[in-house]
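See structure below.
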Amino acid sequence: MATTAQTGSPQPDSARPDRTHEVPPHAPAPRPANPTNPAKPAKKLLPPGQISRLGIAAVVVTVVLWASAFVGIRAVGPSFSPGSLTLGRLAIAAVVLGLVVLPQLLKNRNLPRGREWWPILAYGVMWFGGYNVALNAAEHLLDAGTAALLINVNPILVAIMAGVILKEGFPRWLIIGSLVAFGGVAVIALGSGQRSTADVAGVLLCLLAAALAAVSVIVQKPVLRKFPAAQATWFGILVGAVCCLPFSGQLITELQAAPLPATLGLVYLGIFPTAIAFTTWAYALSLIDAGRLAATTYLVPGTTILISWLVLGEIPTIWGLVGGVICLVGVGLTRRRSR
């Protein structure tokens, strides 16, 4: 006796296999949202005008702690040279942040591989190494407020590079505002040049630090799509610390001679403006466009001047104030939207 299947008679609906979820042989397999960790969805940038509460908190913490760094560097400057101060900050930050990052790394084993190290090495050398050495050297020659005003060129550079490299847009007002802000930097430099040639060197060192930081932000942005903020920051800190190892002998000698307040100041710089603030910055950068986030650092100079006045009694010269106001006006223009 022939079966139903043998006779070719149609099978009842209840006997038919469910093919609604079958994928045609020629259809490509769906790609995970996060290639490095398929189980974890990729982070999405927040639309303009929107930012989470954690993002706002991260920005505020970053601005305040980075502003305090300018004052702290100025305060401990007489006891530590630029290179040894950088190494001390990074060594302390590496230990403190490592206590948070290492347990997660040992658990997830989410280490960079191959070419993933290249951008980490780049911003580790430029930002955590070169930027800090240049800024420390500049603050041996300039007051904290003026240094902060000059570093304020950094967000403009970030916005320009983000528009070109990261395709975040290149509006007309960005160009106009950048030209005005650079005019403000020229005023600060002019005033410094009238006082002494040493101050001109300080201005140039600040501009070098700003350029290194701007390039580093652009390089770090893609890394934050693959690694958490704390890990990306810790990797960079380790790279910067290795670069500064030649200053080890100098750091040991200066630590032995430094007064207790200066040593405590070094510890503060390592924990708060370095380990914490760079991590909160990286977290915010993982959520927000680089150009938009960089605009928040426009608040750093004013905050620095206030802290410097309260702690060190330093007030920038009239040239520094006028140039700083021009910088802020230019920065404000970059935030305007083209119609």
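The values are calculated or read from the model by the stated rules, or taken from the named source; none is laboratory data. This is a predicted model, so every value here is computed, not measured. Positions of Cβ are generated from backbone atoms using ideal geometry, with glycine treated the same way; all protein chains shown enter the neighbour counts. Note: accessible area is taken over every heavy atom of the protein model, side chains too, but ligands, DNA and RNA are not part of it. Shrake-Rupley method; radii C 1.70, N 1.55, O 1.52, S 1.80 Å.
What the table below lists for this structure:
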| read-out | value |
| --- | --- |
| Whole-Å distance, taken between Cα centres, linking region 248-303 and region 309-328 | 21 Å |
| Accessible surface ranking that places the most exposed of Tyr283, Tyr123, Tyr131 first, with a 1.4 angstrom probe | Tyr283, Tyr131, Tyr123 |
| Relative contact order %, region 123-237, counting alpha carbon pairs below 8 Å whose residues are six or more apart | 49 percent |
| Segments 171-179, 137-145, 254-262 sorted - mean Cβ within 10 Å per residue, highest first | 137-145, 171-179, 254-262 |
| Nearest-10 value in Å² for the accessible area of Val200, using the 1.4 Å probe | 60 Å² |
| Ala186/Val60 FRET efficiency (R0 35 Å; Cβ-Cβ; nearest 0.05) | 0.70 |
| For region 206-339: relative contact order, % (alpha-carbon pairs under 8 angstrom, 6 or more apart) | 30 percent |
| Accessible area, probe 1.4 Å, largest first, for residues Val180, Val125, Val76 | Val125, Val180, Val76 |
| Net +/- balance of residues flanking Ala67 in space, Cβ distance below 14 Å, scoring K and R +1, D and E -1 | -2 |
